[in-house]
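Laboratory data are not the source of any read-out in this text; all were calculated from the coordinates shown. The shown structure was predicted, so the numbers you read here are calculated from the model rather than taken from an experiment. Reconstructed Cβ throughout: ideal geometry from the backbone, glycine too, with neighbour counts over all protein chains shown.
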Amino acid sequence: MELRHLRYFIAVAEAASFTAAAKSLNISQPPLSQQIKDLEEEVGTRLFERSSRHVELTEAGVSFLEQARMIFGQVEHATHQARAIGSGQVGMLNIGTTGSVLLGQLSTLIARFRDRWPGVFVRIHEMDPQAQELALLSHRTDLSFVRKPRYNAELVAKVAWQEKVGVALPAHHPLARHETVELGALRQESFVFLRLADSRFARYLHDCCVAAGFVPNITNEVVESYSLTSLVSAGLGVALVPECIRNLSRPGVVYRALADPAPEADVYVLSRPNHGPVVASFLEETAAMFG
């Protein structure tokens, strides 16, 4: 049994006429009659009572018509769903990221994407960059947003948007009076840093300090960027932070830009090269938002 048999059957049942049904299907009547006969043989019972004047459904035919319409409805729904998924309009998108990236532009990007593609369910997985890479390679996530990603030939990395690094200072700090702060002016400070052993971004900031002429005196290390400001608020040091950390209001902490050339805190988007249409749609939205 093929879908065309059901389509022919429904047409005859609704028209109550082989002649009218054949005309609507744009085929001649004899082949249509033969197709219905073949269908009845396969079903194992008559579906129509035929006379010279009209065609009428049997009791079995009435039941079969109801089921045939349901099947066609399911096929139409499945076709629509497949096309929507194929075009990136419907599906699931798993995004790996860190907490500090979520504080910045990523939340705005996701909101914009969902406005355009409401049929895509977005799930966020907050994890460290190393875990993000593994999740992406094992297909547990579809995209990752990180700073200073490690090179991996199996992944595609592109700058999603640019950020600069600033400094978080205790509100009473003398440097808080300035609009911008020279990195070298922090040489005598105690620093709160992301854990150097775990963070490529932290190691990059450490190297920036060395390039500015000093080795930072790191007195405390944390796992997440937003934890840095808690320790700054407690007076345990200053912290080099992405500019998005400004969005995290913390009593007793002020944020100041670093004088150019300030270290970069650019956010990269990582994907697999053979990504699907939903990922393609999100990457297109990212490019449209940030250029």
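Observations, loosely collected:
- Reducing segment 1-70 and segment 85-141 to their Cα centroids gives an inter-centroid distance of 49 Å.
- Hits among lysines - C-alpha to C-alpha of K158 under 24 Å, sequence gap 8 or more where chains match: K148
- Cut-off under 5 Å, modelled amide H: who pairs with V181 long-range: A257, L258, A259
- Net charge, F72 excluded, C-beta distance under 13 Å - Lys, Arg +1, Asp, Glu -1: -1
- For the chain, the longest principal axis of the alpha carbon atoms and the long axis of helix 200-211 meet at an angle near 30°.
- Two-site label geometry, T180 and N274: point separation in nm, points 7 Å out along Cα→Cβ: 4.8 nm
- Its DSSP H runs of at least 4 residues, each contributing -39,500 (n - 2.57), put the calculated 222 nm mean residue ellipticity of the chain at -13000 deg cm²/dmol, to the nearest 500.
- Inter-label distance, nm, simple model (7 Å from Cα along the C-beta direction), L137/Y151: 1.6 nm
- Approximate spin-label separation H172-T19, in nm, with each point projected 7 Å along Cα-to-Cβ: 10.1 nm
- 0 to 90° range, to nearest 10: angle between helix 107-116 axis and the chain longest Cα axis: 20 degrees
- Most to least packed among 134-141, 93-100 [average Cβ atoms within 10 Å]: 93-100, 134-141
- Rounded FRET efficiency, nearest 0.05, which uses the C-beta distance separating H77 from K158 and R0 of 30 Å: 0.25
- Based on the Stokes-Einstein relation at 25 °C and a viscosity of 0.890 mPa s, and on the Kirkwood radius from alpha carbon pairs, the chain is assigned a translational diffusion coefficient of 103 µm²/s.
- Degrees separating the helix 59-86 axis from the principal Cα axis of the chain, which is the longest one: 30 degrees
- Look at the alpha carbon pairs under 8 Å that are at least 6 residues apart: their mean separation over the length of segment 165-258 gives a relative contact order of 50 percent.
- Assigned charges on the beta-carbon of Lys, Arg, Asp, Glu; segment 165-258 dipole about Cα centre (debye): 80 debye
- Across segment 3-86, the convex hull enclosing all Cα atoms gives 98 Å³ per residue.
- Each Cα pair under 8 Å and six or more residues apart adds its separation to the average, and for segment 206-287 the resulting relative contact order is 19 percent.
- Contour minus Cα-Cα distance for E224 and R195 (0.36 nm per residue): 9.6 nm
- Note on Q34 and D266: the extension gain reaches 76.7 nm, defined as 0.36 nm multiplied by sequence separation minus the Cα-Cα distance.
- The relative contact order of the chain comes to 22 percent, based on Cα pairs under 8 Å that sit 6 or more residues apart.
- Gain on full stretching of the segment that runs from T45 to M92 - 0.36 nm per residue minus C-alpha separation: 12.4 nm
- For segment 271-276, backbone phi angles converted through the Karplus equation (6.51, -1.76, 1.60; θ = phi - 60°) give residue-by-residue couplings of 8, 7, x, 9, 6, x Hz, Gly and Pro being listed as x.
- Unit charges on C-beta of K, R, D, E only; dipole of the chain, Debye: 360 debye
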